[in-house]
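Colleague: First the structure, then my questions, so here it is.
The values are calculated or read from the model by the stated rules, or taken from the named source; none is laboratory data. On a predicted model such as this, the values are computed, not experimentally measured, just so you know. Backbone-built Cβ (ideal geometry, glycine too); neighbour counts: all protein chains shown.
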Amino acid sequence: MVEVRLEIGDPKSKKTYSKKLSEEEAGKFVGLRLGDNFRGEVIGLTGYEFLITGGSDLAGFPMKSSIPGRIRKRFLVTGGIGFRPERKGERRRKTLRGNEIGPDIAQINCKIVKVGSKPIEKALGAETEEKPAEQSKEEKKEEPKAEEKPKEEAPKEEKPKEEEKAPEAEKKEEPKEEAPKAEEKND
């Protein structure tokens, strides 16, 4: 059997959590269909209940609920899973997977229907991974940097005095004299 990833969506927090399944756990999903519920005990999350919403096979082809069985076949589709039309009325032939989970499914998507006693972050161990990274950032902020020396300021350039600017301004403001035009000859 292939390495299977379970993508768990939490509708309340709008977050998705990923869990690798062992071969034993993945074997329990074979034969289930899109839209079926399963208990969290199957994957070690007691008290939870999940709804299978989708998935994809090894090659990345998505599962579609309207296709019965474990087949992978090319279908003419107008939209929905596997194809988003760019213009109105567009149809395209796409390869899609049936709605039944088989041994060649690599990813299973599901969402939480019933919440258990522990928060999902703690149950999956996701919270423990995030905290050390956050603490290390805070510790870095709190520690004063004793080794840093104050930067020496570069010498400032002297600003030209206003009196010096005035003659330059006068030169620019003076109107330019026009050269006398050549007289036109009348013959």
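Colleague: Any residue in region 81-94 that's part of a loop (DSSP other than H, G, I, E, B): show its pairings with residues that are exposed (fewer than 10 other Cβ atoms within 10 Å of the Cβ) and not basic (Lys, Arg) at Cβ separation under 6 Å, as long as the two are six or more apart or on different chains.
Modeller: Arg91/Leu76
Colleague: Kindly provide the set of residues from region 40-66 that are surrounded by 15 or more Cβ atoms within 10 Å (Cβ to Cβ) and either in a strand (DSSP E or B) or at positive phi (or both), ordered by number. Before the answer, list the steps.
Modeller: Filtering region 40-66 for residues surrounded by 15 or more Cβ atoms within 10 Å (Cβ to Cβ) gives 40, 42-43, 45, 48-57, 61-65.
Result: Glu49, Phe50, Leu51, Ile52, Thr53, Gly54, Gly55, Ser56, Asp57, Pro62, Met63.
Colleague: Ok, one more. Among the residues of region 98-129, count how many are within 25 Å of the chain's Cα centre (by Cα), buried (at least 17 other Cβ atoms within 10 Å of the Cβ) and either aromatic (Phe, Trp, Tyr) or at pLDDT 90 or above (or both).
Modeller: Adding up the residues that qualify gives 6.
Colleague: Can you name the residue in region 29-75 that is more than 30 Å from Arg92 (Cβ to Cβ) and small (Gly, Ala, Ser) and is also modelled with the highest pLDDT among such residues?
Modeller: Step by step, filter region 29-75, then rank; the result is Gly31.
Colleague: While we're on this one: With the checklist (1) assigned to a strand (DSSP E or B); (2) under 30 Å from Val77 (Cβ atoms) in hand, flag the one item Lys20 doesn't pass.
Modeller: (2)
Colleague: Next question, about the same structure. Tell me which residues, restricted to region 28-39, are part of a loop (DSSP other than H, G, I, E, B) and among the charged types (D, E, K, R). Walk me through it before giving the result.
Modeller: In the first step, residues of region 28-39 are kept if they are part of a loop (DSSP other than H, G, I, E, B); the result is 28-32, 34-36.
Scanning region 28-39 gives Lys28, Asp36.
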